[in-house]
Amino acid sequence: MRQAFIGFLIFLGVAMVNGQEPALPLRELAAARDFYIGAAIHTEAIKSNADYRALAEREFNLVTPENMFKFGPISPAPGEYDWSHTDALLDWAEAHHMRVHGHVLVWHQQQPGWLNEDTYSPEQLAAILERHIRTVVGRYKGRIHEWDVVNEAVADNGRLRDTIWLRALGPDYIAKAFEWAHEADPEAVLYYNDYNGDTPGLKADAIYKLVQGLVEEGVPVHGVGLQMHLIWQQQRSATPRAIGEVMIRLNDLGLKVAVTELDMRIHDPNRGREAMLDLQAEVYSNVLRACLDAPNCDTVVVWGVSDAYSWIPGFTGNDDWPLLFDETLQPKPAYEVVAQALAGED
Ligand code: 9MR
């Protein structure tokens, strides 16, 4: 404790000598206005990379486990669970006073290998899903503040996505999933989470109709997660006004919104990385400001701590540099604008 305090004084001294105010971590700027700034946590990096861990502890007051809660990774065999990663994540988050955003209970990807429609009848699949939700939410009852209950149930054409769950249980699987989760932890805030629904358009309308129906039926849905996996070509559409419009409409339904998976790809064959970093910062700023201005948004989560661990390069085949910290864990221009937005600066 004493050593840590002396370390802090030295840090302060160096900052003073340099004539700068010591920069506050994002989580302190956020906490000062009851806001949550979060990051998705990589299953391996959190175990093996102490610098990554220290950076996450310093900067974020919320964490979303990126993959470790998904049905496939957590359930190696029917009815069996491997809690080693999730238990460790919860202990770590609690030790550092970080809120946990649980991700995800119902999705059509990263399903267990043992789960298929040749082996199980629709009734058995319904029972499997119910048991899964009750088991996972029940185990961490009171410790996970909020859950992505259903993820990406709306297809790009605006209709319900054709998944194993839709085929087995019918459209009602969505309402049931929320009800089971709510029974397992009545205090948890329950989200419907999706991509490409963060600015007005067909997908945003379809998501709106879906949750409007749930609200009208009295289903315990409390919020909508706007993923926001952005690409630089969206710079003109992802304006604070457009994002704000979607947020306000959901507010009118009595729902919260959270930005749940923010990242932005900036690879452009005609322009170098440096030229794109400011553009990226501008869009990050837009997203933060839209959320800060909306009455129902108090959470922005970036989909990874550093570019070194982002899912994007594996997906696009390009570096793309989508996050707040670069491969060496140094802050990028996007970090600076997020700090400014949280500090209330123009
Ligand atoms: O970031 C996740 C990546 O590591 C996984 O390989 C991938 C599997 O599809 O899922 C990624 O996270 C997704 C999230 O769970 C739901 N929204 C889209 C995200 C990016 O694909």
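Which of the peptides 324-336, 114-126, 95-107 is most tightly packed, and how do the rest follow, going by the mean number of other Cβ atoms within 10 Å of each residue? Show your work: numbers first, answer last.
Details: 324-336: 18.2, 114-126: 13.2, 95-107: 20.7.
Answer by packing, highest mean first, reads 95-107, 324-336, 114-126.
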*Once you sort the root eigenvalues of the Cα gyration tensor of segment 111-171 as a ≥ b ≥ c, which label holds: rounded (a/c under 1.5), prolate (a/b larger than b/c) or oblate (the other case)?*
oblate
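Taking 51 Å as R0, compute the FRET efficiency from the Cβ-Cβ separation of Glu327 and Arg143 and round it to 0.05.
Efficiency, from the Cβ-Cβ distance: 0.95.
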_My understanding is that a pair violates if its Cα-Cα distance is over 31 Å; which of Lys47/Lys209; Lys47/Lys141; Lys47/Lys203; Lys70/Lys203; Lys176/Lys332 do that in this structure?_
Lys47/Lys209; Lys47/Lys203; Lys176/Lys332
*Rounded to the nearest 5, what % of the DSSP beta bridges within the chain are antiparallel ones?*
10 percent
*Before rounding to the nearest 500, sum -39500 (n - 2.57) across all DSSP H runs of length at least 4 in the chain and divide by the residue total; then give [θ] at 222 nm in deg cm²/dmol.*
-13000 deg cm²/dmol
*Could you pull the accessible area for Phe315 with a 1.4 Å probe, rounded to 10 Å²?*
130 Å²
*Size of the chain along its principal axes in angstrom, Cα-based, largest extent first?*
69, 45, 39
*asked:* Helix 273-293 against the longest principal axis of the chain: what's the angle in degrees, Cα atoms only, rounded to the nearest 10?
replied: 70 degrees
*Pairwise centroid distance, computed over Cα atoms, of segment 112-141 with segment 202-240, Å*: 26 Å
_Given the whole protein assembly as supplied and a 1.4 Å probe, what does the accessible area of Asp156 come to in Å², nearest 10?_
100 Å²
*Helix 333-342 sits at what angle to the longest principal axis of the chain, using alpha carbons and giving 0 to 90 degrees rounded to 10?*
80 degrees
*How far, in degrees from 0 to 90, does helix 122-139 lean away from the longest principal axis of the Cα atoms of the chain, to the nearest 10?*
40 degrees
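The values are calculated or read from the model by the stated rules, or taken from the named source; none is laboratory data. Everything numeric in this text was worked out from a predicted model, so none of it was measured. No Cβ is skipped: glycine too gets one built from the backbone with ideal geometry, and neighbour counts run over all protein chains shown. Heads up: the accessible areas ignore ligands, DNA and RNA and are worked out on the full protein's heavy atoms, side chains in. Shrake-Rupley method; radii C 1.70, N 1.55, O 1.52, S 1.80 Å.
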